[in-house]
Amino acid sequence: MTSNLRIRKADDMHIHLRQGELLAKVLPHTASQCARALVMPNTTPPIVTADDLNNYRNSIQKLLKTEDAFVPLMTFRVMPTTTPAMVKDHKRAGATAGKLYPEGVTTNSEGGVKDLQTLYPVYKAMEEEGLVLCLHGEVPGVFSLDRETAFLETLRTLAKDFPKLKIVLEHATTADAIDTVLKLSANVAATLTAHHLRITLDDVIGDKLNPHVFCKPIAKRPADRDALLKAATSGNPKFFLGSDSAPHPVESKECACGAAGVYTAPVLLPVLAETFESAGHLDKLESFTSRFGAEFYRLPLNEQYIELHRESWTVENQYGGVVPFMAGHRFAWKLSSASSSSKANKTKQTAKSSA
Ligand SMILES: [Zn+2]
């Protein structure tokens, strides 16, 4: 039985790091497990201009310790007001991707895009600049379990009209989405979260209401979760990690109008190691967390490593006033302390779990 796991550090291709005090609290969890993370732009106010992007990057970098060696990959929000010239400015500012939220689908998505067709010149500019288009793939106003499936026709149309544009369907939650992404060209991929590999709608509302696993898109049926898990562990490079870790203070979750988002960052790799092992595919973990995302985004593979070992431990109930995913759960895999190792150890890397 494998007792130690040494893998390339994760690239988390979808994360909410928030701002201010919350940013300072949540960033260390991601910086310790991930070499890079694609930072979502739905801040208040959102990341709309190149100046916004630079300022947000600076506020993240200021909080990093030198030993973190963590690189935030920056995104801008594709708004109804975004222009091709702004896309070029973002590229110059070092943006990795643009994120499009249809109007009103999730946290801070007011002012989102109502008609995706009106932004064709923006997608064209992104295609020319080699910027990835990240889509929150839901149609607002549709019944909540059907919102993602209702969006898939738009995904197919965009993929057909912009064959060279790299498109990511973020946080896929349905078997329909997996099927659609599989049928589209290699320029279309999907991120998968750790929590959607574990939970269904029953975990949210099936017994007692659990606000800490309420998120957008909402977790779906068991058959959908099975399809996500199959995709994540398949070794197909179209599917890679985007945790969508989305912290909210406990009082914003445990209230009459709870916010959407699951805070997976503190337990990200232990959850994934346990999930992949249960599925019998621990050997596929590293490709999912640390290779396929980088390859899709045309980034060099990161050269830092992380170790986990088999040790039972219990997740805390809160980290800094935020309740983590699976709070109180006993995990089989634990992050080894001082597990980050760098380029110097590269040659020892086996890209697989070691016994
Ligand atoms: Zn998100």
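The values are calculated or read from the model by the stated rules, or taken from the named source; none is laboratory data. It should be emphasised that the depicted structure is a prediction, and the values quoted were computed from it without experimental measurement. Positions of Cβ are generated from backbone atoms using ideal geometry, with glycine treated the same way; all protein chains shown enter the neighbour counts.
Given the residues A294, A273, which is the only one that is within 19 Å of the chain's Cα centre (by Cα) and farther than 30 Å from Q318 by Cβ? Write out each step before concluding.
Working: A273 fails: farther than 30 Å from Q318 by Cβ.
Just a single option satisfies the conditions, and that option is A294.
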**Prompt:** Does segment 166-177 contain at least one residue that is over 30 Å from A273 (Cβ atoms), part of a loop (DSSP other than H, G, I, E, B) and within 16 Å of the ligand (Cβ to nearest atom)?
**Reply:** no
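Just wondering, is there one or more residues in segment 69-77 that are within 21 Å of L22 (Cα to Cα) and modelled with pLDDT under 95? Let's see the steps before the verdict.
Residues of segment 69-77 that are within 21 Å of L22 (Cα to Cα), as a first pass: 69-77.
With modelled with pLDDT under 95 added as a condition, the list becomes 69.
Yes, segment 69-77 has at least one match.
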**Message:** Please determine whether any residue of segment 117-139 is in a loop (DSSP other than H, G, I, E, B) and among the small types (G, A, S).
**Reply:** yes
**Message:** Looking at segment 232-258, I want the residues that are within 21 Å of H196 (Cα to Cα) and have a partner that is in a strand (DSSP E or B) and among the small types (G, A, S) with Cβ atoms under 8 Å, at least 6 apart or on another chain. Which pairs are those?
**Reply:** P237/A189; K238/A189; K238/A190; F239/A189; F239/A190; F240/A189; L241/A10
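The rows are residues; the columns are (1) of a type outside the set (D, E); (2) under 19 Å from I15 (Cβ atoms).
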{"position": "E277", "(1), (2)": "no, no"}
{"position": "H281", "(1), (2)": "yes, no"}
{"position": "F288", "(1), (2)": "yes, yes"}
{"position": "F292", "(1), (2)": "yes, yes"}
{"position": "I306", "(1), (2)": "yes, yes"}
{"position": "W313", "(1), (2)": "yes, no"}
{"position": "G320", "(1), (2)": "yes, yes"}
{"position": "H329", "(1), (2)": "yes, no"}
**Asked** Which of the residues that make up segment 269-284 are in a helix (DSSP H, G or I) and within 26 Å of N187 (Cα to Cα)?
**Response** L272, F276, D283, K284
**Complete:** Within segment 237-253, of all residues that are more than 16 Å from the ligand (Cβ to nearest atom) and touching a Phe, Trp or Tyr at 6+ places or on another chain (Cβ under 8 Å), the one nearest to S287 (Cα to Cα) is P237
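Can A35 be described as crowded, with 16+ Cβ neighbours inside 10 Å, closer than 30 Å to A332 by Cβ and in contact (Cβ under 8 Å) with a residue 60 or more places away in the chain? Explain how you work it out, then say what you get.
On the way: crowded, with 16+ Cβ neighbours inside 10 Å: yes; closer than 30 Å to A332 by Cβ: yes; in contact (Cβ under 8 Å) with a residue 60 or more places away in the chain: yes.
So A35 fits the description; yes.
Per-residue answers, yes or no, for (1) among the hydroxyl-bearing types (S, T, Y); (2) closer than 21 Å to H329 by Cβ:
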position: D202; (1), (2): no, yes
position: F214; (1), (2): no, yes
position: L241; (1), (2): no, yes
position: P247; (1), (2): no, yes
position: V250; (1), (2): no, yes
position: A256; (1), (2): no, no
position: A259; (1), (2): no, no
position: V271; (1), (2): no, yes
position: T275; (1), (2): yes, yes
**Request:** Name every residue in segment 213-225 that is more than 16 Å from the ligand (Cβ to nearest atom), in contact (Cβ under 8 Å) with a residue 40 or more places away in the chain and assigned to a helix (DSSP H, G or I), in order of residue number.
**Result:** A223, D224
**Fill in**
When S287 is run through (1) within 16 Å of the ligand (Cβ to nearest atom); (2) crowded, with 21+ Cβ neighbours inside 10 Å; (3) among the hydroxyl-bearing types (S, T, Y); (4) not in a loop (DSSP other than H, G, I, E, B), the failure sits at (1)
**Request:** Find the residue count for segment 124-141, including only residues that are away from the ligand (no atom under 16 Å from the Cβ) and more than 16 Å from D176 (Cα to Cα).
**Result:** 9
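Within segment 1-56, take every residue that is polar (S, T, N, Q) and touching a strand residue (DSSP E or B) at 6+ places or on another chain (Cβ under 7 Å) and give me the one that is farthest from the ligand (Cβ to nearest atom).
Filtering segment 1-56 down to residues polar (S, T, N, Q) leaves 2-4, 19, 30, 32-33, 42-44, 49, 54-55.
Now restrict to residues that are touching a strand residue (DSSP E or B) at 6+ places or on another chain (Cβ under 7 Å): 3-4, 30, 33, 42.
On the way: S3: 34, N4: 32, T30: 14, Q33: 18, N42: 7 Å.
Taking the candidates together, the pick is S3.
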**Asked** Within segment 113-169, which residues are under 14 Å from G98 (Cα atoms) and of a type in the set (D, E, K, R)?
**Response** K124, E127, E128, E129, K166
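Please count how many residues of segment 103-123 are away from the ligand (no atom under 13 Å from the Cβ) and either of a type in the set (D, E) or surrounded by 14 or more Cβ atoms within 10 Å (Cβ to Cβ) (or both).
So the first thing to find is which residues in segment 103-123 are away from the ligand (no atom under 13 Å from the Cβ), and the list is 103-104, 110-111, 113-123.
With the extra rule that they be either of a type in the set (D, E) or surrounded by 14 or more Cβ atoms within 10 Å (Cβ to Cβ) (or both), the set shrinks to 103, 110-111, 113, 115-116, 119, 122-123.
Matching residues across segment 103-123 total 9.
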**Asked** Does segment 204-212 contain any residue that is within 16 Å of the ligand (Cβ to nearest atom) and of a type in the set (V, I, T)?
**Response** no
**Message:** Let me spell it out: the conditions are (1) in a loop (DSSP other than H, G, I, E, B); (2) within 16 Å of the ligand (Cβ to nearest atom), and K99 meets all of them except one. Which number is the exception?
**Reply:** (1)
**Asked** Counting only residues that are surrounded by fewer than 22 Cβ atoms within 10 Å (Cβ to Cβ) and among the small types (G, A, S), how many does segment 55-102 have?
**Response** 5
**Prompt:** Which condition number in (1) assigned to a loop (DSSP other than H, G, I, E, B); (2) in contact with a Cys (Cβ under 7 Å, 6 or more places away or on another chain) is the one that E110 fails?
**Reply:** (2)
